[in-house]
Amino acid sequence: MGRRKRKKVVYRPVRTLPKIFTCPKCGHKTMKTNMKFSDDKALVICGHCGEQQEVPKNEISEPVDAFGNFIDIYYKDQEYDRLTRREEILKEKGQYSELALVYSFLSDNAQINAEKALEEFEKYKDPADLENAEKWKEAAKQYKENEKRLLEQLKAGLIVDAELEENIYDEEEVNPFGEEQDKPSEKPKRRANIEEILGDPGFLEF
Ligand SMILES: [Zn+2]
């Protein structure tokens, strides 16, 4: 009669964290992490295309954290590359107002990289990080100056935007998952190729 005593079953969801991830470069679910790479870094590597990156970790980092760090770095580099490509196109096509805008994005981007490098230096005390931070800071400053100079010259009428064409970027904006799909990456990428950027005479001189 009375209520049947039922054993209460508590379902506790088992928290399973993913260990294999989708590679943003080749699109295959073949990205793994080596959490024992070193005391303070994990290695994130794609078994299909070879994309790889060392990322910071701590004692409680899980593979998913390492992958998150990888994604941050990966897209930051992509964004930087995209902006520097735009810079070239805009210079070529005489689109100075938009070029000034791209310089302001580049400056912000470089500033963020400087801060990140500085954070890493504080954590790991690797002088290379400090050096990187200084370079990024300098790059941020130069981009800002380029922006300012362009805006001043536009205002003074020393330079004028060329007539705007439609789809100015079309030929250059390639699908990131396109052509390079099956090529293994040649080298592990460090945050961004700062040497290339600073060695490049890309900064405008008028
Ligand atoms: Zn891949």
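The values are calculated or read from the model by the stated rules, or taken from the named source; none is laboratory data. Please read these numbers as outputs of a predicted model, since none were measured by experiment. Cβ sites come from the backbone with ideal geometry, for glycine too, and all protein chains shown count toward neighbours. Areas reflect the complete protein model, heavy atoms only, side chains present, ligands, DNA and RNA absent. Shrake-Rupley method; radii C 1.70, N 1.55, O 1.52, S 1.80 Å.
Descriptive notes on the structure:
- Between K123 and L101, full extension at 0.36 nm per residue minus the direct alpha carbon distance yields a gain of 4.6 nm.
- Segments 71-81, 49-59 sorted - mean Cβ within 10 Å per residue, highest first: 49-59, 71-81
- Chain lengthening between H48 and K141 when straightened (0.36 nm per residue, less Cα-Cα): 29.6 nm
- Per residue accessible area of segment 18-75, 1.4 Å probe, in Å²: 52
- Accessible area per residue was computed with a 1.4 Å probe on protein heavy atoms; R86 scores about 50 Å².
- Using the Cβ-Cβ distance between V64 and L130 with R0 = 41 Å, the FRET efficiency computed as 1/(1 + (r/R0)^6) comes to roughly 0.90.
- Loop chymotrypsin sites (Phe, Trp or Tyr not before Pro), segment 8-44, which have at most 10 other Cβ atoms in a 10 Å radius of their Cβ (DSSP): Y11
- Cβ crowding within 10 Å averaged over residues, with 40-48, 125-133 ranked highest first: 40-48, 125-133
- Sulfur and carbon atoms: percent of accessible area, segment 18-75 [1.4 Å]: 51
- Tensor-based shape of segment 18-75 (alpha-carbon gyration tensor, a/c under 1.5 rounded, otherwise prolate or oblate): prolate
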